[in-house]
Amino acid sequence: MDAGSVNSSSHKKQSRCPLQEQFIQMKGSRENLDRFIPNRSAMDFDYAHFMLTEGRKEKENPAVSSPSRDAYRKVLAETFNMNRTRILAFKNKPPTPVEAIPDFSAAVHQSKPTKPRRHIPQTSERTLDAPDLVDDYYLNLLDWGSSNVLAIALGNTVYLWDASNGATSELVTLDEDSGPVTSVKWAPDGRHIAVGLNNSEVQLWDSTANKKLRNLRGGHTSRVGSLDWNNHILTTGGMDGQIFNNDVRVRAHIVETYSGHHQEVCGLKWSASGQQLASGGNDNLLHIWDRSAASSNSATQWLHRLEDHTAAVKALAWCPFQGNLLASGGGGGDRCIKFWNTHTGACLNSVDTGSQVCALLWNKNERELLSSHGFTQNQLTLWKYPSMVKMSELTGHTSRVLFMTQSPDGCTVASAAGDETLRFWNVFGTPEVAKPAPKANHEPFAHVNRIR
């Protein structure tokens, strides 16, 4: 057995030898390729032999040399061109190629120039007086319609400011029994506007004709502080904690009821798809409601009941580039901006802003979020999403910035604060002009009938 094992091992050893030798030969060949190849035609072997032998003897025995002998050797070396210090001569450098290989990576890199950093003005571009603006965190008194007209409620009066020409007009002034105005919201058409009142009613107005169309009564029992539209459905939230879907086309306008809040509903926002409704209340609750599960016969059950905030939830904003992403902001006892996956109800991130979050707006053109705050700085903060790095802080208001809205093109933001001023900020920049689509190349012989 021992002899058999030795034979097998020796057999294996012999089988491995060729590969090892091939590796050594290949390695040696690679080393040979890396050497400098001497040019024999440029060498002087006699001079090289002399320098390696006789020259060393003269350096080792300096007594043999004398000044006259050194002078003679110098003249002799100049005569026979022996003043050389290089013994071995090597080939010249290879000639440079006529055309270098193009660097495609550099060309691709140059074709994509870096985008210049956007300048964000630190001061408002315009400031308007807003006397008698009610300093109430739970109301919603500012909105910018699709027809580029801004509506603001000041006390018992709703004013309209046309952004295209700066003209101001009065829509309605209520009596003391009905007022003050507690919420305003433009319909998607930019012509009709809903006005929530302190006496639990909601009025619908035609802004073009300056005419009231109807009153919505019979639902709420106290003031209506939040409104939002979903096509022809007007959703209203009141201090009574109730949320109603009102079909403004029919006489019996209440078509669905959402019951889940125990205190005032101060925030309402429909998603862009119109399938989900977010509601925030003074009970620190955030609800997500599914439109498809709404029922006209009984109160609709919420899809998600989110209890992470520790203060009133008023600031709500649906992400324009991700349909199931919702941002919410908490009041003075919470100070956090939270991000939610509304399909699963999971909290994706939470950022402590350090102050009361009054309103939130997404940038329609970039991945950015704008928040407005209360004490101590009363600032607007621009965040980069999703890193939530502060890009800029805009100051100018001297009281908490209660309301924010943005222009139809998404560039300008209007903010109203308890200091009774309305400020306009060019915070989101100018949208990029869409490049025209390239013309399709016409297929040759397109006019010729094809043979099928």
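The values are calculated or read from the model by the stated rules, or taken from the named source; none is laboratory data. Given the structure is predicted, the values throughout are model-derived calculations rather than measurements. Positions of Cβ are generated from backbone atoms using ideal geometry, with glycine treated the same way; all protein chains shown enter the neighbour counts. Please note that ligands, DNA and RNA were not included when accessible areas were found on the heavy atoms of the full protein model with its side chains. Shrake-Rupley method; radii C 1.70, N 1.55, O 1.52, S 1.80 Å.
Counting only protein heavy atoms and using a 1.4 Å probe, what share of the accessible area of region 359-398 belongs to carbon plus sulfur, as a whole percent?
Carbon and sulfur: 52 percent of the exposed surface of region 359-398.
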**Item:** Accessible area (Å², per residue) of region 119-239, counting only protein heavy atoms and a probe of 1.4 Å
**Value:** 42 Å²
**Asked** Taking only the alpha carbons of region 103-249, what extent do you get along each of the three principal axes, in Å, biggest first?
**Response** 76, 33, 31
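Could you order the peptides 314-321, 129-136, 262-269 from most to least packed, using the average number of other C-beta atoms within 10 Å per residue? Provide the component values of the computation, followed by the final result.
Working: 314-321: 20.5, 129-136: 14.6, 262-269: 22.1.
Ranking the peptides 314-321, 129-136, 262-269 by packing returns 262-269, 314-321, 129-136.
Based on the mean of other Cβ atoms within 10 Å per residue, sort peptides 347-354, 230-237 so the most packed one is first.
Numbers: 347-354: 14.4, 230-237: 20.4.
Highest-to-lowest ranking by the protection proxy: 230-237, 347-354.
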**Item:** Gain in span if fully extended, THR395 to ASN230, counting 0.36 nm per residue against the direct Cα distance
**Value:** 56.0 nm
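So, counting K/R as plus one and D/E as minus one, what does the shell of residues with Cβ under 10 Å around ASP283 add up to? Write out the running numbers ahead of the final one.
Values: positive: none; negative: GLU264, GLU307.
Combined, the nearby Lys, Arg, Asp and Glu give -2.
Taking the highest mean first, how do the peptides 407-420, 168-181 order by number of other beta carbon atoms within 10 angstrom per residue?
Listed from highest to lowest mean packing, they are 407-420, 168-181.
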